[in-house]
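Inspection log for the structure reproduced underneath, given as C-alpha cells.
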C-alpha cells in the first residue's frame, strides 16, 4: 500500500508538471508565430534583432532555440554588432553545455572577435563548460593525476592572468568535487569566488555558473551564512539581467523560475537568515506563485519551500505534516537526509515520539553511511593536503639548495678576488716608482671594490631568499597543524549525534527492553566521552603550543575553585568510585581571592585529581592549598596513597603521550597539558620527590596573573 501511495504521488507530480508545461508551450507558440509574421516587414537591424531575441525567448524546443540563435547571430554580424553576436554565442554555449564538439566550434568562432571584456568572459564561460565535460569523463586515476597538476600550479606557480587563473581554479574545484565535498573543496571554492569578485565580468554568465555551483558546497558544510551570501549575489545578478532585458525590449525573457530557485535555496539555509529575511523571502515566493504557474505548481506539488518556512518559523507541527507528505516524493530525493534530520527535531518539539523514533532509526542508518563517506573524504583530503605540502616543501628545499650553491660560488669568487688583490698589492710594491702603473692599479682597485659591493648585495639578497624559504616551510607545517585542528573539531558533532540518538532510542523502546538497551547506550556515552576528552586534549595542546589560547583573568575564590574540581570529578562527597576517601583542606586554611582564570585552574586540578583517582585503589586522596602573599603565589597540593612514580620518571611523566601504566585509560596528555596551563597562569606543576607514600603534585599559580 505504501509503495502504491508513493507511485501515485510521483505520477501526480509528473502529470501536473507536464500539464503546466503543455499550457505554457501552447501560449508561447502562438505569440512566437505572430512575431515570425511581423519579422519580414521590419526594416531596421535593431527592430529585427529585438524580434529575434523575443522569438528565442519564446522557443521551447532545442532545435527552435538553435535556429533562433543562428538567425540572431547572422543578423548581428550583418549589422556589425559584436556584443549581440557574443550574447548569441554564450546562449548557444549554455544550451549545449554537454556537447564538447559544439563548444569547440564556438571557441573557434570566438577567435575572430576583438579582445574585449565581454569576449574574454564568453571565452572563459565556454572553457569552463568544456572543463566540466572533461572532468565527467575522467576516471579516478586520471582525476587524481589532474588534481596533482592543478594543485601544483595553484600553490607553487599560479598564473598572473586573471582569466587563466579563474579557469584553473574552476577546473580544480570541478575535479576536487569528484573526490570530496568537505572543507577542502569549500576552501578552493571560496578562493574562486573571491578571485572572480575582483574581475570585470559584464554579462554575469561566469558568476552565475560559479555561484550556482558554490552555494550547495557551503550548504553541505553547514556554512549557512556563506551560502546565503552567494544566493543573495545570485538574486542581484538576476535583478540586473531583468533590467537589461527590459531595456532591450525583451518582455518574454522569463527569470521567475531562476529567482524562485534562489529564494527556495535561501529558505533552505534559514539558519543563516534573520527572522525578517525569512518572512520577506517567503512573501516573495508567494508573490511569484501568483504570477507564474510553474512556481505555483512547484510550491503545491513539491512543498519544499513551505517546509523550509515552517522549520524557520518553528511551526513544527506543520513541518512534520509537510515532511511526511514529501519525504518520498522523487523530486525531493536529494533532500532525504535533510528532511529526516528536520523530522527528528520537529517531532521532538511536538512530542510525537513515534514519528521521532521512526525517523531516528532511518536517520541513524543514513548518518552511518554519511559518516563513512565523510571519513573517506577527509582521508582523501588529508592525502591531497600532504601531497600539496610535499610539493611546497620540495620546492622550498630545491630553492634553499640553489641559494646555498650560489652562496658557495660567491664565497669562492670572493676568495679569488682576495687573492687577486694580494697579487695586485705585490705588483704595486714592485712598480710603485712607475706613476702610470700606479694609476692603473688604483683604477683596478676601484673596479674591484665595485664588484665586492655587488657581491655583498647579492649575498644579502640570498639571505633574504633563504628567510623566505624558511617561512614557506613554516607555513606548510602550520597548514598540517590547522588541518589536524579542523579534523578534531569535525569529530565532535558526529559523536554528540551518536550519544543523543542512542538516548532517544532508549527512551522510545518498551520498558522491558529499556535496561538492556540502556547498558549499551551508557557504553556508547562512556566511549564518546573518552574520545571527546582526547579531542579536547589535542585541541588544548594545539592552542597552547601555538600560543593561541587566551586566559580570562578575574578575581576568583581559591576555595571555590577547589570545590568545583572535586564536585566535577567525584559524584559522592568524600569518596571515590573505588571507595577511596577524599579529603579537602584538612588544615582549615582561610579562603583567598586571587586574580586568575578559574576555568584553567580547575582544569589542571581535575587532571591531577583524576590521575590520583586512576592510580589509587585504597587509602586517601587529599587536596590542600596555601596562599603566600609575600611571594605572590598560590600552591595547590594533591596527594594520594597510590602506586606512586618510579625513580627516574619524575620529569618524563610530563612528556606528551607518556604513561606510567600502559593498561590504564587515557593517552598520556593530562600532565603535559597541566604544565602548559600552569605556565600560562604564571606558575608550574611539579612532582614532590620527597614524598614516597604514593604521589604528591604541587601546582602553583601567580596570584596576580
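All of the numbers you see were taken from the coordinates with simple rules; none came from a lab. A quick note: this is a predicted structure, and the numbers were derived from the prediction, not measured. When we count neighbours, we look across all protein chains shown, and the Cβ atoms used for this are built from the backbone with ideal geometry, even at glycine.
Just rank 147, 428, fewest to most, by other beta-carbon atoms within 10 angstrom.
Final ranking by Cβ density, sparse to dense: 428, 147.
Which three semi-axes in whole Å describe the equivalent ellipsoid of region 554-702, each the square root of 5 times a Cα gyration tensor eigenvalue, listed largest first?
Square roots of five times the eigenvalues give 23, 18, 14 Å.
Over region 554-702, what is the relative contact order in whole percent, taking alpha-carbon pairs under 8 Å and six or more residues apart?
22
Per-residue counts of other Cβ atoms within 10 Å, averaged by peptide: what ranking do you get for 137-146, 326-335, highest first?
The most tightly packed comes first, giving 326-335, 137-146.
Quick one: 203, 247, fewest Cβ neighbours within 10 Å first, how do they rank?
Going from sparsest to densest Cβ surroundings: 247, 203.
By counting other Cβ atoms within 10 Å of each Cβ, how are 303, 279 ranked from fewest to most?
279, 303
Output the relative contact order of region 245-371, whole-number percent, from Cα pairs under 8 angstrom with separation of 6+ residues.
Normalised by residue count, the contact order of region 245-371 is 17 percent.
Whole angstrom only: what separates the Cα centroid of region 569-643 from the Cα centroid of region 207-272?
One Cα centre to the other: 59 Å.
Computed from the mean reciprocal separation of all distinct C-alpha pairs, what Kirkwood hydrodynamic radius does region 217-363 have, in Å?
16.3
So how long is each side of region 576-628 along the principal axes, counting just the alpha-carbon atoms, biggest first, in Å?
Sorted from largest, the Cα extents of region 576-628 read 36, 24, 15 Å.
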